[in-house]
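The values are calculated or read from the model by the stated rules, or taken from the named source; none is laboratory data. Here the structure is a predicted model, which is why all the values come from computation and not from measurement. Please note: Cβ atoms are built from the backbone with ideal geometry, for glycine as well, and neighbour counts cover all protein chains shown. Heavy atoms of the whole protein, side chains included, go into the accessibility calculation; ligands, DNA and RNA do not. Shrake-Rupley method; radii C 1.70, N 1.55, O 1.52, S 1.80 Å.
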Amino acid sequence: MALRALILGAAAGGGLPQWNCNGANSAGFWGRGDRLSPATQSSLAVSVRDGEWVVLNASPDIRAQIMARPQLQPRDPAAHGLRDTPIAAVVLTNGDIDHIAGLLTLREKQRFDLWTTPVIADILRANPIFDALDPTCVARREIGLDAPFEPVPGLTLELFATPGKTPLFLEGAAGDAVQTDVEGEQTVGVRLSDGTREAFYVPGCARMTPALAARLRGAALAFFDGTVFHDDEMIRAGVGHKTGKRMGHMAMAGPDGSLAAFADLDVKRKIFVHMNNTNPVWRKDSAERAEVEAAGWEIAHDGLEVTP
């Protein structure tokens, strides 16, 4: 059994294109510029044996992602019946809309386990719409930080704290006073292991901490938050007023960005995921794309399958 990771969605919330955006990367889809390759919202599927997958984050695009990936489609009805899925479990890394809304697509009386930290479990419990997930079919399982568990036999996961913030829909009246780099159960990364190989999935991270750097150092494979290239990218593009830091994400560039943070970590394969529709690295001919590739990074795309 060997660990496999399949990118279901490489984009941040809203996807690429964003439905209401005329920014440089989205406008081409409306016939107003160069059309890029589309990307759905952030999700990763992992497996150690055929026919059994664990999905990390249930994107609002999960139905389209299943339609596009035969690995996740219903199996032979003669062996598995008329209602079937190879998705054995879903694991959430935070309570953001782009990571939980897809659960509502998975409500048709289908068995799978839903793994969350207690804090994320509370977010789901507080919203009765998620009761559409029949508890007789969907087992909600809470797991603490730094506690290895097996969502399927042979695949060990471990959740660890990464700096982040509360979901946007829970910010309330706090506005810009919201703390964006809290370390706890509300934003987590995931260590993945098949007993021999391991990888890390960190789709949301507000800053690199010494503890996180120590955890990632020397890793064979890391999928990491690539939301924005420049911290003030959305402001520069004229499509928003928030910085990457205000959204709870570290930028790729800059002295405290991910390119600098990973420079001496000796991670063998580094792949950016969860990229916002404004990020210039989507463009293969951009100077920013050349910069990240020169630093040894890859830019994820929907359907990319890798092994450590």
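Between A89, A237, A253, the residue with the greatest mean-square fluctuation in the GNM of the chain (Cα pairs under 10 Å linked by springs) is A237. Taken one residue at a time, the phi angles of region 140-149 give Karplus couplings (6.51, -1.76, 1.60, θ = phi - 60°) of 8, 10, 9, 9, x, 6, 6, 10, x, 8 Hz. Gly and Pro are set to x.
Across the chain, C-alpha contacts under 8 Å between residues 6 or more apart give a mean separation that, scaled by the residue count, equals a relative contact order of 19 percent.
Counted over the chain, the DSSP beta bridges are approximately 50% antiparallel.
Contact order, relative form, for region 1-128: 22 percent (alpha carbon pairs under 8 Å, 6 or more residues apart, mean separation divided by residue count). Taking Cα centre as origin and charging only the Cβ of basic (Lys, Arg, +1) and acidic (Asp, Glu, -1) residues, the dipole magnitude of the chain rounds to 460 debye. Both radii were evaluated on the Cα set of region 229-287; the Rg over Rh quotient, with Rh as the Kirkwood radius, amounts to 0.98. For the chain, the average shadow cast by the Cα convex hull is 15.7 nm², which is a quarter of the hull's surface.
Simple point charges give the picture: +1 on the Cβ of Lys and Arg, -1 on the Cβ of Asp and Glu, and for region 1-136 a dipole about the Cα centre of about 260 debye.
Looking at the chain, the accessible area is 42 square angstrom per residue; that uses a 1.4 Å probe and ignores ligands, DNA and RNA.
Under the combined filter of DSSP loop state and at most 15 neighbouring Cβ atoms within 10 Å, region 155-260 retains these GluC sites (Glu not before Pro): E171. Per residue, the average separation of C-alpha pairs within less than 8 Å and at least 6 apart gives region 221-308 a relative contact order of 32 percent. Between R32 and H241, the modelled label-to-label distance comes to 2.2 nm, taking each label 7 Å out from Cα in the direction of the beta carbon. The convex hull of the Cα atoms of region 1-149, projected and averaged over all directions, covers 10.7 nm².
Dipole orientation for the chain: of the candidates Q179, A199, S47, S47 has the Cα lying most toward the positive pole (charges on Cβ; Lys, Arg +1; Asp, Glu -1).
If you wrap the tightest convex hull around every Cα atom of region 57-138 and split its volume per residue, you get 88 Å³. Within the same chain, lysines fewer than 8 places from K284 are excluded, and of the rest, those with a Cα less than 29 Å from its Cα are K242, K245, K268, K270. Per-residue extension of 0.36 nm, minus the Cα-Cα distance of T196 and A287, leaves a gain of 29.0 nm for this segment. Subtracting the Cα-Cα distance of I97 and C137 from their residue separation scaled by 0.36 nm leaves 12.1 nm. Spin-label pair E298-R49: with each label point 7 Å from Cα along the Cα-Cβ axis, the two points sit 2.6 nm from one another. Given R₀ = 30 Å, FRET efficiency for R83-A2 by Cβ-Cβ distance, to 0.05? For R0 = 30 Å, the calculated efficiency reads 0.55. Projecting the Cα atoms of G154, N22, I123 onto the dipole axis of the chain, where Lys and Arg carry +1 and Asp and Glu carry -1 at the beta carbon, places N22 farthest toward the positive end.
The GNM of the chain, with springs linking C-alpha atoms under 10 angstrom apart, assigns the highest mean-square fluctuation among Q18, Q65, Q179 to Q179. With the simple model of a label 7 Å out from the Cα in the direction of the Cβ, T105 to R125 spans 2.8 nm. Normalised radius of gyration (Cα atoms, divided by 2.2 N^0.38 Å) for region 89-220: 1.10.
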